[in-house]
Amino acid sequence: MAARMSPSERQRRLGAELSKLRKRAGLSGDEAGALLDADRTRISHIEAGRMDVPRNGLYRLLRSYGCPEGALFEGLMEMAQDRGKGWWDEYQEVTSPVARDLAELEARSTSIRMHEPQLIPGMLQTGDYAHAVIAALEPDAERVDRFVQFRLDRQRVLDGDEATAYHAIVSEPALHVRIGSATTMRRQLVRLIEVARLPHVTVQVFPFEAGVYSAFAGPFIVFSGPSPELDTVYLDRPVDSAFAGDGERLAEYAKLFERLSTLALAPVDPEAAPESHQSQDSLSLIQHIMYDL
């Protein structure tokens, strides 16, 4: 079996977790290879995500590495079984590998926590808003339409009986930046409130009055996996966006998200009666901005 040149994020992460477990167990590459009747080169490829490992082989590795049966064990077995094929493959001509990795990770996560200081998060965007954002960067109209559809298709994880829990903290500047027309912005803010009605969705606004903490934090997403060891943070940067899965980095961003949530306004609660908004909350701020458009 030839080694793949460009492993997906799921394949890289599976390999990285196997490498951690092997080293923790004190086994060498040669000793691990012997468990699969292979050499250390095969183990090196597996741990780099360049080669798959058969289900029975992975089972032997996990047992030999001392990984107890439970959420982590089953999560790794599931990652190995998954061949990464999904609806996102239909968009290979307009999306980067990172964008498809992001869609796959969204589909596999049990919950998603995200912070966005500049724009409405893609998972909450209307088609018109997404079109205006993407058209500002992409001159080809046909490609714009395809990428907009890709972005809208990502939102399917918020639908259905098994929808993913989603918590977004959006900085107030994102509500003021004029993306497209006033009508586009008004519809986008209405959409923000509508999505927040879903029982598994939480939307908070980080107001100007709370200071610069949101700006310094930058955009990021924390994805929860079947066990804490498989959580992932995505750092959304203009040139070198990256995924990270090390425990220390995850703990830092989980703490950062909690701090942002504490400083942000109370979540949108569209079911609350108007008289309950005696102090500003996320809903009243969004409505105020919307009515001024």
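The values are calculated or read from the model by the stated rules, or taken from the named source; none is laboratory data. No experiment lies behind these values; they were computed from the predicted model shown. Note that we place each Cβ from the backbone using ideal geometry, even for glycine, and neighbour counts take in every protein chain shown. Protein only, heavy atoms only, side chains kept; ligands, DNA and RNA dropped before computing areas. Shrake-Rupley method; radii C 1.70, N 1.55, O 1.52, S 1.80 Å.
Restricting to the stretch 106-149, give me the number of residues that are of a type in the set (Asp, Glu), under 30 Å from residue 72 (Cα atoms) and assigned to a helix (DSSP H, G or I).
So the answer is 1.
Residues in the stretch 162-198 that are open to solvent by 30 Å² or more (accessible area, probe 1.4 Å), under 19 Å from the mean Cα position of the chain (by Cα) and either under 18 Å from residue 280 (Cα atoms) or free of Cβ contacts under 8 Å to residues at least 12 places away in the same chain (or both): how many?
Number of matching residues: 1.
Look at the stretch 228-239 and say how many of its residues are free of Cβ contacts under 8 Å to residues at least 40 places away in the same chain and in a helix (DSSP H, G or I).
1
Pairs, please: C-beta under 8 Å, at least 6 apart or cross-chain, first residue open to solvent by 40 Å² or more (accessible area, probe 1.4 Å) and at pLDDT 90 or above and in the stretch 199-227, second in a helix (DSSP H, G or I) and small (Gly, Ala, Ser)?
Between residues of the stretch 199-227 that are open to solvent by 40 Å² or more (accessible area, probe 1.4 Å) and at pLDDT 90 or above and residues that are in a helix (DSSP H, G or I) and small (Gly, Ala, Ser), the close pairs are 202/196; 226/71; 226/75.
Say we look at the stretch 106-147 and pick out the residues that are open to solvent by 50 Å² or more (accessible area, probe 1.4 Å) and touching a strand residue (DSSP E or B) at 6+ places or on another chain (Cβ under 6 Å); which of these is nearest to residue 175 (Cα to Cα)?
113
Would it be correct to say that residue 103 is open to solvent by less than 50 Å² (accessible area, probe 1.4 Å), within 24 Å of residue 217 (Cα to Cα) and assigned to a helix (DSSP H, G or I)?
yes
How about the stretch 17-69: which helices (runs of 4 or more DSSP H) wholly inside it have at least 3 residues that are under 20 Å from residue 230 (Cβ atoms)?
Per the criteria, 55-64.
Just checking, how many residues over the stretch 59-73 are exposed (fewer than 13 other Cβ atoms within 10 Å of the Cβ) and over 19 Å from residue 32 (Cβ atoms)?
Residues that pass the stated criteria total 2.
This table checks each residue for (1) of a type in the set (Ser, Thr, Tyr); (2) over 30 Å from residue 139 (Cβ atoms); (3) in contact (Cβ under 8 Å) with a residue 60 or more places away in the chain.
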residue	(1), (2), (3)
19	yes, yes, no
25	no, yes, no
42	no, yes, no
53	no, yes, no
105	no, no, yes
112	no, yes, yes
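Could you identify the single residue in 78, 90 that is open to solvent by 30 Å² or more (accessible area, probe 1.4 Å), assigned to a helix (DSSP H, G or I) and under 22 Å from residue 159 (Cα atoms)?
Exactly one of 78, 90 is open to solvent by 30 Å² or more (accessible area, probe 1.4 Å), assigned to a helix (DSSP H, G or I) and under 22 Å from residue 159 (Cα atoms), namely 90.
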